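First the structure, in the form of structure tokens, and then the observations on it.
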Amino acid sequence: MSEAAAHSLEHHEPETSTGIPNKKVLMWAFLGSDCMFFGTLISTHLIYRKISATVGSNYLDIRNVFDIELTSFSTFILLASSLFMALAVSAIHKGNLTSTRWMLLGTIVFGAIFLACQVYEFTHFVHMPGNELTLSSYRGEPHVFGSTFYVLTGTHGTHVAIGVFWLLGWLVYSFTGKMSVADALDVECCGLYWHFVDIVWIIIFPVVYLMEYAF
Amino acid sequence: MSGHSEDPIAEESKRFFTFFNLSMFLVAITGIEIVIIYVQTFDGSYIIGILFTTSVLKFIGVIWWFMHLKWDKILNTILFLMGLVIAVFTFFAVIYMGDTHPVIDQFEVTALTDEWKSDKQYAKGDFVKIGDSYFQASQEHTSSEKFGQNKKLWTKVKGIPHQFSWKITQADTVEIHSEKPENPFFLQFFPEDEELVEGTQISLLAQSATTDDFRIKVRSEAFWTEN
């Protein structure tokens, strides 16, 4: 890593009164607001899980529907994608374009695998013989579980999809020859978003999935 | 918020190991979570406690190292924490509002003033009134023509027997107390079946009383209802 890279690391954004680049402040403010968004979705799911615990006269045992092995696998995949993302940010800061590309590609692939698992999971749940979980019913009887579950995990999945497209944009951009260490801040903002998606799943996985197996 | 060192390239290279170690830590913790669910060794409340702790640890790990808060200025941490704190409060507020409120469907207090009668079947524990006194049957029997002939089967009680009856939807704590100090009474219990709490109890009171002389307070989680 050359002097050029070291030099480019010294590249500074325009000075701001906070001493932090405005883009970064904006991203953190956005992530803070997104916390509130997911906070309401998670609490709504938990409340309806509690007050609508039965289907007809039977307890709603959603373990008949969940495939915990698949969800555990996709959780590990998403955690691993966060490592790739952190390394991509580190690489662009060092001006190492090749490494940045590989790490971005790794993040995209792992993000896409996570999305594929979620699409498979949703399709499987909706069409599971005898245990169909749709947006408004379970086993053909009206129930709210599907609504809160699909809206919560679907919103998270949408965030992941947006992240994948954002990263894909950076990957394509890296081949135009215009990408440099001057873009490090923008890639870092993208990384913040990706890690946020990861921490939301860190909460959703135990709260929505694992807790069903606790009792 | 340690800031960057003088050699940013070396600093970034050091972070590789931090990121890798953190990633292994996250995978290990998630593995522990799944194993705990599979082995089912712990009670549900312990499992929730463990899942909560491991989730917080993973959450902190990601925001502190992966999201660079450790090396960034504190304003970023404050900005994020503002949203997070509001989210946590929103979470508890929504959970609180979603709790089921208890409903007192029925509450009655009636004095047992049945006079003793001859040739009547009495069960053990039945109360009868004779003059100004109250008696309780010590065993099941059919009464004779005169009370005196069965006197050994009855025990005189101190006070006036009253029957308390209640029907409550959703309660984990029930309290009944007298509002008249000269007629003291307090009953508290924690029903096992919280969905529908229905029952009666006979208690001896110092004076004759009606439902209006008592208050019933019922709690379900955070909510109290009384009448």
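Values in this text are rule-based calculations from the coordinates and carry no lab data. These numbers were taken from a predicted model, which means no experiment stands behind them. Don't worry about glycine lacking a Cβ; one is built from the backbone with ideal geometry, like all the others, and counts go over all protein chains shown.
The distance from the alpha carbon centre of the stretch A:180-200 to that of the stretch B:5-62 is 20 Å, rounded to a whole number.
Restricting the trypsin sites (Lys or Arg not before Pro) of the stretch B:42-149 to loop positions (DSSP other than H, G, I, E, B) with no more than 15 neighbouring Cβ atoms within 10 Å leaves B:LYS70, B:LYS73, B:LYS117, B:LYS120, B:LYS124, B:LYS146.
For chain B, adding -39500 (n - 2.57) for each run of n ≥ 4 DSSP H residues and dividing by the number of residues yields -11500 deg cm²/dmol at 222 nm. Summarised as an ellipsoid, the protein assembly as shown has semi-axes of 68, 23, 17 Å, derived from the eigenvalues of the Cα gyration tensor scaled by 5 and square-rooted, with the largest first. Given axes a ≥ b ≥ c from the Cα gyration tensor, I'd like to know whether the stretch B:8-98 is rounded (a/c under 1.5), prolate (a/b larger than b/c) or oblate. Oblate, because a/c is 1.5 or more while a/b does not exceed b/c. Summed over qualifying helices (DSSP H, 4 residues or more, each -39500 (n - 2.57)) and divided by its residue number, chain A shows a 222 nm mean residue ellipticity of -24000 deg cm²/dmol. Within chain B, the longest run free of GluC sites (Glu not before Pro) that sit in a DSSP loop with at most 12 other Cβ atoms within 10 Å is B:7-139. In chain A, the C-alpha radius of gyration followed by the widest Cα-Cα span (Dmax) gives 20.6, 72 angstrom. With both labels modelled 7 Å from their Cα along Cα-to-Cβ, the A:ARG63 to B:GLN40 distance reads 0.4 nm. Take A:THR40, project a point 7 Å from its Cα along the Cβ direction, then tell me which residues of the stretch B:211-227 have their backbone nitrogen under 19 Å from it. So the set is empty, nothing qualifies. Find out how many positive minus negative residues lie around B:GLY199, taking Lys and Arg as positive, Asp and Glu as negative, among other residues whose Cβ is under 13 Å from that of B:GLY199. Cβ neighbours under 13 Å give a net charge of -4.
Rounded, prolate or oblate: which fits the stretch B:32-75 when a ≥ b ≥ c are the square roots of the eigenvalues of the alpha-carbon gyration tensor, with rounded for a/c under 1.5 and prolate only if a/b beats b/c? Cα axes put the stretch B:32-75 in the prolate bin. For the stretch B:103-226, taking the reciprocal of the average inverse distance between every pair of different Cα atoms yields a Kirkwood hydrodynamic radius of 16.0 Å.
Distance between the pseudo-spin-label points of B:TYR96 and A:ALA161 (7 Å out from Cα toward the beta carbon): 3.7 nm. Among the GluC sites (Glu not before Pro) in the stretch A:119-190, none is located in a DSSP loop while being surrounded by at most 13 other Cβ atoms within 10 Å of its own Cβ. Neighbour counting of Cβ atoms within 10 Å sorts the residues A:SER17, B:SER133, A:SER74, fewest neighbours leading, into A:SER17, B:SER133, A:SER74. Label zone of B:SER208 (point 7 Å out along Cα→Cβ, amide N under 13 Å): in the stretch B:96-113 this covers B:110-113.
Note on the stretch B:103-226: dipole from Cβ charges, positive end direction compared against B:PHE214, B:PHE164, B:THR113; the farthest Cα belongs to B:THR113.
Using a/c under 1.5 as the rounded threshold, could you call the stretch A:44-131 rounded, prolate or oblate? The axes a ≥ b ≥ c are square roots of the C-alpha gyration tensor eigenvalues, and prolate needs a/b larger than b/c, oblate otherwise. Taking the square roots of the gyration eigenvalues as a ≥ b ≥ c, the stretch A:44-131 is prolate. In terms of other Cβ atoms within 10 Å, B:ASP212, B:ASP105 run from fewest to most in the order B:ASP212, B:ASP105.
All Cα-Cα separations within the stretch B:32-157 were binned at 10 Å from zero, giving a P(r) of 9, 20, 13, 10, 7, 12, 13, 10, 5, 1, each value a whole percent of the pairs.
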